[in-house]
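Taking it in order: structure first as structure tokens, then the write-up.
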Amino acid sequence: MENAKNLGLEMEIRKNLTFLSDQDWLKDLFIYANGTLLKSKVNVLSHWEWINNPETQVAERIQQRYPNQDRPLMGQSPWLVNLGVGYWGSFSG
């Protein structure tokens, strides 16, 4: 591969659960969602090839760029979503 680029945008939203009730412990309990958009591009080169250079009469090992061979990164998801529940407080009895 010649090179690769990854671009991404991530956003997270959190909300405590005090909208359900005025219980004091609900201010430390929250739900959250996290989303990510990703875009990747890999510039592909050919396999190594031997060519004869007509000017120097010497064989050279090269790689070439072929049209329409660039692609996204293998296994790269274009988006991710996470959902969860968390508690941010102390457990005192």
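Bear in mind these aren't lab numbers, they're just calculated from the coordinates by the rules spelled out. Since we're looking at a predicted model, the values are computed, not measured. Glycine also receives a Cβ, built like all others from the backbone with ideal geometry; neighbour counts cover every protein chain displayed.
Taking the range 1-31 and a reference point 7 angstrom along Cα→Cβ of ARG71, the backbone N atoms nearer than 16 Å belong to 1-5. Dipole check for the chain: with +1 at the C-beta of Lys and Arg, -1 at the C-beta of Asp and Glu, and the Cα centre as origin, the magnitude is about 140 Debye. For the range 1-34 versus the range 54-75, the spacing of their alpha-carbon centroids is 44 Å. Below 8 Å between Cα atoms, with a sequence gap of 6+, how large is the relative contact order for the chain in percent? Answer for the chain is 33 percent. Annotation: lysines with alpha-carbon distance below 30 angstrom to LYS5 (same-chain offsets under eight excluded): LYS39, LYS41.
How about the range 19-65: which GluC sites (Glu not before Pro) there are in a DSSP loop, with at most 16 other Cβ atoms within 10 Å of their Cβ? List each step's numbers first, then the result.
Numbers: sites: GLU49, GLU55, GLU60; in loops: GLU55.
For GluC sites (Glu not before Pro) across the range 19-65 that sit outside H, G, I, E and B with at most 16 neighbouring Cβ atoms in 10 Å, the list reads GLU55.
Note on the chain: Cα Rg divided by 2.2 N^0.38 Å, N the number of residues, gives 2.14.
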